[in-house]
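Visitor: The following block contains the structure, expressed as structure tokens.
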């Protein structure tokens, strides 16, 4: 799907976050306090990204995970807004998901801070 098709077919808010590297407002996303069993997938292409057992409540305003599904996300340097951060992208479609930080409370020490709008959820059956 080229950029014009993405812009036409995706919800404008999803397009803004996923392809213009926007951020949804904190504490507003549908998955912020969501703790069902299943799989979090890319809202753009359906790629599996995070298992529900890797989600934790970081109280940062966005869904947080301590581990990704290996090979399904890629990381990139993000020096926007005068900060040095590491961006998290869907490895399949390149959609911006959020950022990763080294302040997680679990044994991984990681906190994937992800926009809810960038995610869909597949409930465990």
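The values are calculated or read from the model by the stated rules, or taken from the named source; none is laboratory data. Here the structure is a predicted model, which is why all the values come from computation and not from measurement. Neighbour counts are summed over all protein chains in view; Cβ atoms, including those assigned to glycine, are modelled from backbone coordinates with ideal geometry.
Visitor: Name the residue that is surrounded by the fewest Cβ atoms within 10 Å (Cβ to Cβ), counting only residues in region 66-99 that are farther than 27 Å from residue 6 by Cα and in contact with a helix residue (DSSP H, G or I) (Cβ under 6 Å, 6 or more places away or on another chain). Give the steps one after another, and end with the answer.
Guide: Taking region 66-99 first, the residues farther than 27 Å from residue 6 by Cα are 66-67, 82-84.
Cutting the leftovers down to in contact with a helix residue (DSSP H, G or I) (Cβ under 6 Å, 6 or more places away or on another chain) gives us 66-67.
On the way: 66: 19, 67: 16.
So, considering only residues that are farther than 27 Å from residue 6 by Cα and in contact with a helix residue (DSSP H, G or I) (Cβ under 6 Å, 6 or more places away or on another chain), the one surrounded by the fewest Cβ atoms within 10 Å (Cβ to Cβ) is 67.
Visitor: Do we find that residue 104 is modelled with pLDDT under 95 and more than 27 Å from residue 8 (Cα to Cα) in this structure?
Guide: Criteria met by residue 104.
Visitor: From the list 77, 5, which one is more than 15 Å from the chain's Cα centre (by Cα) and in a strand (DSSP E or B)?
Guide: 77
Visitor: Of everything in region 89-107, what is closer than 15 Å to residue 45 by Cα and in a strand (DSSP E or B)? Give them in sequence order.
Guide: Within region 89-107, 89, 90, 96, 97 qualify.
Visitor: So, one more: Return the pairs, sorted by first residue and then second, in which the second residue is at pLDDT below 95 and part of a strand (DSSP E or B), the first residue lies in region 106-121 and is on the phi > 0 side of the Ramachandran plot and surrounded by 22 or more Cβ atoms within 10 Å (Cβ to Cβ), the beta carbons are less than 7 Å apart, and the residues are 6+ apart or on different chains.
Guide: Note: no pairs meet the criteria.
Visitor: Can I ask one more? Is it the case that region 40-53 has a residue that's at pLDDT below 95, in a loop (DSSP other than H, G, I, E, B) and in contact with a strand residue (DSSP E or B) (Cβ under 9 Å, 6 or more places away or on another chain)?
Guide: Step one: filter region 40-53 for residues at pLDDT below 95, giving none.
No, region 40-53 contains no residue that is at pLDDT below 95, in a loop (DSSP other than H, G, I, E, B) and in contact with a strand residue (DSSP E or B) (Cβ under 9 Å, 6 or more places away or on another chain).
Visitor: Do the conditions hold for residue 29, that is, is it under 27 Å from residue 9 (Cα atoms), in a loop (DSSP other than H, G, I, E, B) and more than 14 Å from the chain's Cα centre (by Cα)?
Guide: In short, no.
Visitor: I'd like to verify a number: residues in region 8-26 that are surrounded by fewer than 18 Cβ atoms within 10 Å (Cβ to Cβ), at negative phi and either part of a loop (DSSP other than H, G, I, E, B) or in contact (Cβ under 8 Å) with a residue 40 or more places away in the chain (or both), how many?
Guide: Number of matching residues: 8.
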